[in-house]
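Notes follow once the structure below has been shown.
The values are calculated or read from the model by the stated rules, or taken from the named source; none is laboratory data. Computed from a predicted structure; not experimentally measured. Note that each Cβ is placed from the backbone with ideal geometry, even for glycine, and that neighbours are counted across all protein chains shown.
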Amino acid sequence: MRNLLPFILIILLVTGCPFQPGAEGEGGSSLTALLPFILIFVVFYFLILRPQQKQGKQRKEMLKNIKRGDNVITSGGIYGKILNIVGDLVTLEIAKGISIRLSRSGISGLGGPHEEDGKAKEEKSEK
């Protein structure tokens, strides 16, 4: 939000802020009074709303394309490997022989540490 404040102030100064002292007596049109607010909305759209919509679409696509065997991280921070997917229910193996069930929407992203990589790193750190 702090990053937007300079842009908003510049827009208001350039377009003629309707809240300036002494502006009451001037006979401006209603379009001139609304122009700063329209420009602020356009800035908000391109800096906030549009990136959020794009990120939401990417997340929806990622959740739609997950498959058995993918390594994922849950929204709670648990890493696991997908064992089974039935509708909205996903079964994750979080350790050898330990599995949990969660909603598909509980997955926050793909990737994460692989068991083999973790074992190799532990062996290297012991040496």
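Restricting to the range 94-103, and then to whatever is in a strand (DSSP E or B) and of a type outside the set (D, E, K, R), can you tell me which residue is nearest to the chain's Cα centre (by Cα)?
In the first step, residues of the range 94-103 are kept if they are in a strand (DSSP E or B); the result is 94-95, 98-103.
From what's left, of a type outside the set (D, E, K, R): 94-95, 98-100, 102-103.
Numbers: 94: 25, 95: 28, 98: 30, 99: 28, 100: 25, 102: 21, 103: 19 Å.
Checking each candidate, the answer is 103.
Do the conditions hold for residue 75, that is, is it modelled with pLDDT of 80 or more and in contact with a Gly (Cβ under 6 Å, 6 or more places away or on another chain)? Yes: the conditions hold for residue 75. Just to be sure before I move on: is residue 66 touching a helix residue (DSSP H, G or I) at 6+ places or on another chain (Cβ under 9 Å), surrounded by 10 or more Cβ atoms within 10 Å (Cβ to Cβ) and aliphatic (A, V, I, L, M) in the structure I sent? Criteria met by residue 66. Would you check if there is a residue in the range 72-90 being in contact with a helix residue (DSSP H, G or I) (Cβ under 6 Å, 6 or more places away or on another chain), of a type outside the set (A, V, I, L, M) and either in contact (Cβ under 8 Å) with a residue 40 or more places away in the chain or surrounded by 13 or more Cβ atoms within 10 Å (Cβ to Cβ) (or both)? Yes, the range 72-90 contains at least one residue that is in contact with a helix residue (DSSP H, G or I) (Cβ under 6 Å, 6 or more places away or on another chain), of a type outside the set (A, V, I, L, M) and either in contact (Cβ under 8 Å) with a residue 40 or more places away in the chain or surrounded by 13 or more Cβ atoms within 10 Å (Cβ to Cβ) (or both).
Scanning the range 60-93 for residues that are under 18 Å from residue 113 (Cα atoms) and either part of a helix (DSSP H, G or I) or out of contact with any Lys or Arg (no Cβ under 8 Å at 6 or more places or on another chain) (or both) gives 67, 68, 73, 74, 75, 76, 77, 78, 79, 80, 81. In the range 1-43, the residue that is surrounded by the fewest Cβ atoms within 10 Å (Cβ to Cβ) out of those that are among the aliphatic types (A, V, I, L, M), at pLDDT 75 or above and farther than 30 Å from residue 109 by Cα is 31. Residue 46 meets each of the listed conditions (1) crowded, with 16+ Cβ neighbours inside 10 Å; (2) part of a helix (DSSP H, G or I) apart from (1). Of the residues making up the range 52-63, those that are surrounded by 15 or more Cβ atoms within 10 Å (Cβ to Cβ) and basic (Lys, Arg) number 0.
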